[in-house]
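*Asks:* Take a look at the following structure, please.
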Amino acid sequence: MLSSMASQKRLFTGLQPSGQLHIGNYFGALLPTVEMFRQNQGLIMIADYHALTTVKDASTLRENIISVAKDYLAAGINLDNAIIFKQSDVSEHTELAWILECLVTVPFLMQAHAYKDKVAKGLEANAGLFNYPMLMAADILLYDTDIVPVGQDQRQHVEYAREAATKFNAAYDETFKEPAEQIQKQVAVVPGTDGQKMSKSYKNTIPLFGAKDEISKAVMSIVTGTGGETPINVHAIHLLVRGALTNNFSDKKDGEEFSQLYSQNKNNYKLLKEALIEDLEKLIAPMRVKRDAITDEEVKKVLVDGARKAKALASAKMADVRKKIGVTL
Ligand code: TYM
């Protein structure tokens, strides 16, 4: 199904099923991905083996996989252009990861943020987390990917994928394309309720498909900054929500209404937060309705179909890789 037209760029992106998605995932990844898949074709992977670095409970992982797939479908992904599959269904990912791990050094992997952050917090990182960048490189390289739509926090991982491609091509023969990340500037890092990057592990999230009272509670807890008239974190999130509602992400071009809301209500944090809750509800309610109508059975069908298509592409690529490295006799 994936076309090889010269003008088309092949996309590849992924998301870990490690819990409920938050609006950082939505603005940083889901929405740009949906937009890009209108014009281009490619693959969307539910990174369930990546999630094993943190999720250790089988029924939680099962639920999360179904839930993330529903989130993509509810966000409006175009299934004519996208193959949606889960990583564990295509064993070539872990196979290629091993081959790439044999080409990079331990000090190189020690520079990866995910690993460094964990160690800096005094936490013990498992070996899966340490090797994570090469599994992600394998995900991307297996499909001759041109563009990887992600949030800013994944930039380094895409650099690692390019580095792995270069190393393989130099050691053997020209085999892998060097992929480029695509990061939407306006939504590169969505702040959480405490002003840091919104992240499950920081417990500062606004859930994407949470109930209205859950979302309200999270918005009301957003820290408003020290002494300024404009609550900067509320404003930053609100700008994105308005952008998605009006299809215009620029503060200036947004018309008078949005800037006036903030200039006329300086210091009225409660009113501004309530306005944000209302806009979030406008954005999320229709997607929530769509999501509630998607059954688990439908999702499983999409994933089975996706696995078959992804497997066909990945196994052809691995046949070439196996020849190149000398294990095909
Ligand atoms: P993950 O599951 O942590 O995040 C999924 C996507 O959401 C983006 N994101 C954000 N963007 C802006 N602001 C935020 N606060 C924010 N939080 C998360 C992430 O940048 C990401 O695009 N390693 C990946 C999953 C993965 C993958 C891949 C991605 C595995 N293989 C291959 C692309 C290609 C991850 O952990 O994303």
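*Asks:* For the range 200-236, enumerate the residues that are open to solvent by 40 Å² or more (accessible area, probe 1.4 Å), in a loop (DSSP other than H, G, I, E, B) and among the hydrophobic types (A, V, I, L, M, F, W, C).
*Replies:* Once the filter is applied, which keeps residues that are open to solvent by 40 Å² or more (accessible area, probe 1.4 Å), in a loop (DSSP other than H, G, I, E, B) and among the hydrophobic types (A, V, I, L, M, F, W, C), the range 200-236 yields Ala211, Val223.
*Asks:* Being in contact (Cβ under 8 Å) with a residue 60 or more places away in the chain and in a helix (DSSP H, G or I) is true for just one of Asp139, Asp144, Asp117. Which residue is that?
*Replies:* Asp139
*Asks:* State the number of residues belonging to the range 310-323 that are open to solvent by less than 60 Å² (accessible area, probe 1.4 Å) and touching a residue at least 24 places away in the same chain (Cβ under 8 Å).
*Replies:* 8
*Asks:* Something else about it: For the range 34-63, enumerate the residues that are out of contact with any strand residue (DSSP E or B) (no Cβ under 7 Å at 6 or more places or on another chain), open to solvent by less than 20 Å² (accessible area, probe 1.4 Å) and assigned to a helix (DSSP H, G or I).
*Replies:* Val34, His50, Ala51
*Asks:* Moving on to the next point. For Lys116, work out the one condition from (1) within 14 Å of Val321 (Cβ to Cβ); (2) more than 13 Å from the ligand (Cβ to nearest atom); (3) open to solvent by 20 Å² or more (accessible area, probe 1.4 Å) it doesn't fulfil.
*Replies:* (1)
The values are calculated or read from the model by the stated rules, or taken from the named source; none is laboratory data. Here the structure is a predicted model, which means the values were calculated and not measured. Virtual Cβ from ideal backbone geometry, glycine too; neighbours counted across all protein chains shown. Heavy atoms of the whole protein, side chains included, go into the accessibility calculation; ligands, DNA and RNA do not. Shrake-Rupley method; radii C 1.70, N 1.55, O 1.52, S 1.80 Å.
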